[in-house]
Amino acid sequence: MNRYGANGLGYKTETAGTEIIHTIPPSKEGVGQITSLSYTDGGTAHTIYVMREFGRTITAAAAVGGATTFTGLTDASPTGFVANGFATIQLDKGVHTSKITSWTSASGTLILDKGIPSGSTAAAGNKVWNHGNLTQADPQTGVTHPVFKTPGNASVPLTLPAVAGLEALIGGLLDESPIAVVSDNATTAGKFNSLTYQHARPS
């Protein structure tokens, strides 16, 4: 494998009970791979889900910062959008991942819990990726999302890899596909300290 584009995402937290989301952006030439992860829970064990693509579609109309509603979408085949699932919107610069509030197939209306960031835009024809919900089986593998469990100790972060020399912890399965890394952030607020990634393509 040829590996390229090493990069990282830093500190991020939310109030307890609100999922914390970091997104590894897509690359047209390869798949994303997590190379390291550091996460501290608040004394209660959290579950971190590595959410790959379940399907994709495109936006039917342009959207501006703050937008939570996208209409006229076709469903994201092969596994459709579901309430309480997660979706990533391709912005004109970057991506935005949010929990899904609702999906209405008859009108193709997707409503997100968090709007796209202020100052951002998403043109008509931009990609929308579906990650399913936390318990759905991945259509590529037939099993549920890979997970990491935290120690349940606010003084002991989950730090991966645990051994030196590992080229990647886990990666995506499809080209030009984001990976949403989602902590359930249950009970007591936790935080991502860092998450590093790269992209890879066949030699």
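Mind listing just one residue for me: the one in the stretch 54-88 that is closer than 23 Å to Pro146 by Cβ and in a strand (DSSP E or B) and, of those, modelled with the lowest pLDDT?
So the residue we want is Pro78.
Counting only residues that are without any contact (Cβ under 8 Å) to a residue 40 or more places away in the chain and within 19 Å of Ser183 (Cα to Cα), how many does the stretch 99-128 have?
Final tally of qualifying residues: 2.
Taking the stretch 114-126 as the region of interest, how many residues are surrounded by fewer than 19 Cβ atoms within 10 Å (Cβ to Cβ) and under 16 Å from Thr23 (Cβ atoms)?
Number satisfying all stated conditions: 4.
Conditions (1) surrounded by 14 or more Cβ atoms within 10 Å (Cβ to Cβ); (2) touching a Lys or Arg at 6+ places or on another chain (Cβ under 7 Å); (3) under 19 Å from Val181 (Cβ atoms), marked per residue:
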position	(1), (2), (3)
Tyr4	no, no, no
Gly17	no, no, yes
Met51	yes, no, yes
Phe81	yes, no, no
Thr97	yes, no, yes
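Residue check, Thr68 against (1) under 30 Å from Leu158 (Cβ atoms); (2) not assigned by TED's automatic domain parsing to the domain that holds Lys28, all met but one. Which one?
(1)
Which of the following residues is under 29 Å from Thr35 (Cα atoms) and surrounded by fewer than 19 Cβ atoms within 10 Å (Cβ to Cβ): Gly66, Gly152? Reasoning before the result, please.
Values: Gly66 fails: under 29 Å from Thr35 (Cα atoms).
Unique residue meeting the criteria: Gly152.
Identify, please: which residue in the stretch 2-23 is among the aliphatic types (A, V, I, L, M) and over 14 Å from the mean Cα position of the chain (by Cα) and is, among those, farthest from Phe86 (Cα to Cα)?
Looking at residues that are among the aliphatic types (A, V, I, L, M) and over 14 Å from the mean Cα position of the chain (by Cα), I get Ala6.
The values are calculated or read from the model by the stated rules, or taken from the named source; none is laboratory data. Please read all numbers here as calculations on a predicted model, not as lab measurements. Reconstructed Cβ throughout: ideal geometry from the backbone, glycine too, with neighbour counts over all protein chains shown.
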